[in-house]
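Here the structure is laid out as structure tokens; the discussion comes afterwards.
Here, each number is a calculation from the coordinates, and none is a lab measurement. What you are looking at is a predicted structure, and each value in this text was computed from that prediction instead of being measured. Note: ideal-geometry Cβ built from the backbone for every residue, glycine included; neighbour counts use all protein chains shown.
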Amino acid sequence: MFPAQSTILRCGSLMWQFNNREIATAVWVLLFAVWAVQKEAIRKALARAIQLFFCFKVVAPVGLMLLYSSAAVLILASAGLWRTSQLKDTVVWFVLTAVVLMVRFVTSYGNQSIFRDVLRETVKVTIVLEFLIGSYTFPLAVELVFVPLVTLVAAIDAFAKQRDEYAQVSQITGMVLVVAGLAVLVSAVWRAIADWEALGCLDTARSILLAPLLSLFLCPALYAMVLFSNYELIFIRLQFGTPKGEELVRYARWRILRHAGLNLRKTVHLLQSYPAELMHVECKADVDGLLKRASREQP
């Protein structure tokens, strides 16, 4: 089996350790970026995407999420569950998990079980396997070939699954991905057994628990953001449909806030069951009647 290999990059007083799979991925991403920026159409699309990203409605929630995550890291550090050597993993978690979860939940206002869903995603046995696979990688030369091949097969598999005529191709690519995954897993587990004493240290436990703990800390912030987003959608609906005076709109907002409060389920119920009614209230009695029906029919 291959020995565990990694590369260390020193930045000031911090030590960033990248495994060979991360290095190989970075190399191919960099090569793709160099190729892409030479294409005018891609440059224009990239410039537009960057412009959209830095608008207030994107920067504000990401900034708040960053502050909240930083506070979570400080709490974990004070409890001895975080070290500066985990900064790289924390940055990766923020970009690939925290931001992704925020976008996923905020853009899907029908989700009412944030804590349960995050718990299901993070607290599971596979986090140990994911840690092993990420910690015990092949030599860099192997990873430089392995990463693009698996990515290509995965892309073909995803495309083939969308079309019935490519069902046989999907079966083949699926088998290739399973074999590749098993090869990585067997290699990682085998070397972890050989390195059992190091695997049982406190630093290993910190690394395994880092992402789940940070994700669970994130739940209240996600809940607050989804709740705020749902209220924003409800209030936007009040602006459409039947023309309404400012006094009626203010009354409707106040009554809706009193009705739903911090209950995410009630805001989802209003959005899913009464979108037309919200747009066509004509007087305060309509607002009161709508909210009475919502209270009776609340699942």
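For the range 44-89, the fraction of C-alpha pairs more than 14 angstrom apart is 64%. Applying D = kT/(6 pi eta Rh) to the range 232-299, where Rh is the Kirkwood radius over alpha-carbon pairs, T corresponds to 4 °C and eta to 1.567 mPa s, the Stokes-Einstein value obtained is 110 µm²/s.
Just add up the charged neighbours of R255: K/R +1, D/E -1, any other residue whose Cβ is under 11 Å from the Cβ of R255. Residues close to R255 contribute a combined charge of +3. Shown here for the range 234-299: GluC sites (Glu not before Pro) in loop regions (DSSP other than H, G, I, E, B) with at most 13 other Cβ atoms within 10 Å, namely E282.
Cα convex hull, the range 208-248: 57 Å³ per residue, rounded to a whole number.
Two numbers describe the Cα atoms of the range 38-121: Rg and Dmax, which are 16.3, 50 Å. Each residue of the range 247-264 in order: what ³J(HN,Hα) in whole Hz does its phi give by Karplus 6.51 cos²θ - 1.76 cosθ + 1.60, θ = phi - 60°, with x for Gly and Pro? Per residue, the Karplus-derived 3J(HN,Hα) values read 5, 5, 5, 4, 5, 4, 4, 4, 5, 5, 4, 5, 5, 8, x, 9, 8, 4 Hz.
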